[in-house]
1. Cβ-Cβ under 7 Å, sequence separation 6+ or interchain: first residue in the stretch 10-38 and farther than 18 Å from E119 by Cβ and aliphatic (A, V, I, L, M), partner outside any loop (DSSP other than H, G, I, E, B) and within 8 Å of the ligand (Cβ to nearest atom). Which pairs?
2. So is D47 without any contact (Cβ under 8 Å) to a residue 60 or more places away in the chain, under 29 Å from M229 (Cα atoms) and in contact with a helix residue (DSSP H, G or I) (Cβ under 7 Å, 6 or more places away or on another chain) or not?
3. Checking the structure you have, find out if any residue of the stretch 80-93 is in the same structural domain as Q120 (by TED's automatic domain parsing), closer than 27 Å to K145 by Cα, at pLDDT below 95 and basic (K, R).
4. Here is a check on your reading of the model: is S34 at negative phi, within 14 Å of the ligand (Cβ to nearest atom) and either within 15 Å of the chain's Cα centre (by Cα) or not hydrophobic (A, V, I, L, M, F, W, C) (or both)?
5. Here is a list: E152, E194, E168, E141. Which entry is within 19 Å of I5 (Cα to Cα), of a type in the set (D, E) and either at pLDDT 95 or above or in contact with an Asp or Glu (Cβ under 8 Å, 6 or more places away or on another chain) (or both)?
6. I need the full set of residues from the stretch 207-247 which are surrounded by 11 or more Cβ atoms within 10 Å (Cβ to Cβ), within 14 Å of S187 (Cα to Cα) and more than 15 Å from the chain's Cα centre (by Cα), in order please.
7. Which residue is nearest to the ligand (Cβ to nearest atom), if the candidates are limited to the stretch 56-115 and must be in contact (Cβ under 8 Å) with a residue 40 or more places away in the chain and among the basic types (K, R)?
8. Within the stretch 27-47, which residues are of a type in the set (A, V, I, L, M, F, W, C) and surrounded by fewer than 24 Cβ atoms within 10 Å (Cβ to Cβ)?
Amino acid sequence: MKIGIIGLGLIGGSLGFDLRDHGHIVYGVSRKESTCQRAIERGVVDDASVNINLLSTVDIIFLCTPIGLISKTLKQLISNLKPEVIITDVGSVKTAIVKECEPLWSNFVGGHPMAGTAEQGIEAAQKNLFKNAPYVITPTEKTPKNSIKILEALAQSLGSNVYTCSPEIHDQAVAWISHLPVMISASLIAACVEEKEQTVLKIAQQLASSGFKDTSRVGGGNPELGLMMAQYNKTALLHTLQGYRQQLDEAIEYINTEQWDALKQLLMMTQKERSPFLNE
Ligand code: NAP
């Protein structure tokens, strides 16, 4: 197939690597000329340009720009395309994007490859990023069935585990397991640095080890991504934050009133309930 990728950063660049390795011809479009040059040098794409017309002959296009630019990019793109071209995106939220993009292009299929690193840009692109990672496809009843099948097959060829659900269910689920953890982890770091006693703070920083590293990792990531999650998945994220606050209040109450049995029951329950989330 001839495949177009717009936005040659971590996700777009990594897709380019793997799709080329599977024998597809990949054309890339990005905002900066230097990124296009680097993408060609690194072997991410067969050719790249800042001009969207490079994609006039492709069969499928992956929109891999930051979330806020996905529907804007689609608007600029569609005037020269044949209607059979499939357009998909990789945005980390789906309801808002599908709502904006579907009316613009009837052959639009929402998607979310759930893989990443803490890095950004073309230099962060890597091979096999999507291997064994979930790839969620979020069709609506209007999405052409054949286009879903084609995207599914491409995602499977990357080694991803493909899941299909509505954009709304996707957003509610990722609010629990991805967006809420970012806010919790960010709040943990913010609360620690609020410690007024400088000696305590300094020693805490020196003593912090694997436990703190694990729990603070996603709160120490790309601020733009965290902000986008909150802006574009506000309702679902607020719902999970309220559920979390309720649990936190409960734990505070157990400790404050020395309800050690209740606290133990809670911790035994969480010990048991963790593994289904890890697919172990
Ligand atoms: P990224 O590394 O910053 O890549 C985005 C790239 O888009 C930039 O490198 C930039 O390239 C290009 N770009 C910016 N504005 C553009 C425009 N107007 N036209 C064309 N290209 C433009 O970000 P990313 O992590 O790959 O994220 C991209 C998308 O993937 C987002 O929608 C995000 O929600 C989704 N996603 C991210 C992750 C993750 O963990 N990072 C995981 C799954 C999905 P230039 O150098 O040319 O400016």
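The values are calculated or read from the model by the stated rules, or taken from the named source; none is laboratory data. Just so it is clear, the model here is predicted, and its values are computed rather than measured. Methodologically, a virtual Cβ is constructed for each residue, glycine included, from the backbone with ideal geometry; neighbour enumeration extends over all protein chains shown.
1. From residues that are farther than 18 Å from E119 by Cβ and aliphatic (A, V, I, L, M), the pairs are V29/I6.
2. Judged against the criteria, D47 is not a match.
3. Checked against the condition, which is being in the same structural domain as Q120 (by TED's automatic domain parsing), closer than 27 Å to K145 by Cα, at pLDDT below 95 and basic (K, R), the stretch 80-93 yields at least one hit.
4. yes
5. E152
6. F212, T215, S216, R217, G220, L241, Y244
7. Result: K94.
8. C36, I40
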